[in-house]
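Chemist: Before we start, here is the structure in question, set down as structure tokens.
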Amino acid sequence: MKVLLRRRRSAQVSATFSRSLDARLADSNNRFVTDFVLVPGAGGIATPYWRLVTAQLQRAGHRAVPVDLPGGALDAGLPEYSGLIANAMDNCEEPIVVAQSLGGFSAVMACEQVRARQLVLTNAMVPLPGETPGSWWEATGAVEARVAAAQVGGYDANFDLTTYFLHDLSATDAAAVLANPGYEADIVFGQPCDIKSWPDVPTSAVVGRDDRFFPLAFQRQLLRERLGVSPTVIAGGHLVALANPGGLSEVLLSIAG
């Protein structure tokens, strides 16, 4: 797969996608329209996962751009993912990039390629420069934190999709995830986060209080140690865009201003 890597914005952006200042004003309330680039987690399924948040952002007069990634492709990994995200960003005007779970790796790389107004990590893996998703687990103690939280919470410490991802979803949303859970090929877990340092982009985080996969205390510590960031905590588990789309959308709209 050929994708453009390390693209940077330029004055030559296609007229199809460039927007003037006036064009970015919402007609109804004279507010700026914000572009939100929505990055999925493992499996790369963005459009269904982000659909409820997308609807709320659009209803508020903004633009939402879910970026589906080829998670199951054997020959595509972080460089290709970040290239696709960067292309979506390049077609926007100073977007806010929102990254779920594994999407933290590729979103950070994309934000080094194309300027973003802000990066919002949502129950996300927070990488160090050169770190691989495969090595991240041991380096951060993520599995130990998950098991410890399960023992305290009284649920099964052995991972399964229902216990860790679907426990707070509606029956309809849980069934939809089970019908199309997505598949992530192994290639991505051995590829480094190709940045020299964290990109020069304002970074914030939203954490689900009920996340069993990346427990709240674990995420708080990780964000503090690696980024010096204190997250906004809302109700919801790991798939927070499905569990609490209203709460997540409210945070994103407050960032948009």
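Chemist: Calculate how steeply helix 245-256 sits against the longest principal axis of the alpha-carbon atoms of the chain, using the helix alpha-carbon long axis, and give the answer as 0 to 90 degrees to the nearest 10.
Modeler: Value to nearest ten degrees: 40.
Chemist: Along the positive direction of the dipole of the stretch 31-256 (beta-carbon charges: Lys, Arg +1; Asp, Glu -1; about the Cα centre), which of ILE195, TYR183, CYS92 reaches farthest?
Modeler: Selected residue: CYS92.
Chemist: Next question. Taking Cα atoms, how many degrees apart are the long axis of helix 216-227 and the longest axis of the chain, rounded to 10 and kept between 0 and 90?
Modeler: Approximately 50 degrees, to the nearest 10.
Chemist: Evaluate 2.2 N^0.38 Å with N set to the residue count of the stretch 31-256, then give the Cα radius of gyration divided by it.
Modeler: 0.93
Chemist: Add -39500 (n - 2.57) for each DSSP H run of 4 or more in the chain, then divide by its residues: what number comes out at 222 nm, to the nearest 500 deg cm²/dmol?
Modeler: Calculated mean residue ellipticity at 222 nm is -10500 deg cm²/dmol.
Chemist: Nothing charged except the Cβ atoms of Lys and Arg (+1) and of Asp and Glu (-1): what's the magnitude of the dipole of the stretch 37-139 about its Cα centre? Round to the nearest 20 debye.
Modeler: 480 debye
We did not get these values from a lab; they are worked out from the coordinates using the rules stated. Remember, it's a predicted structure, so these values are computed and weren't measured experimentally. Using ideal geometry, Cβ is built from the backbone for each residue, glycine included, and neighbour counts are taken over all protein chains shown.
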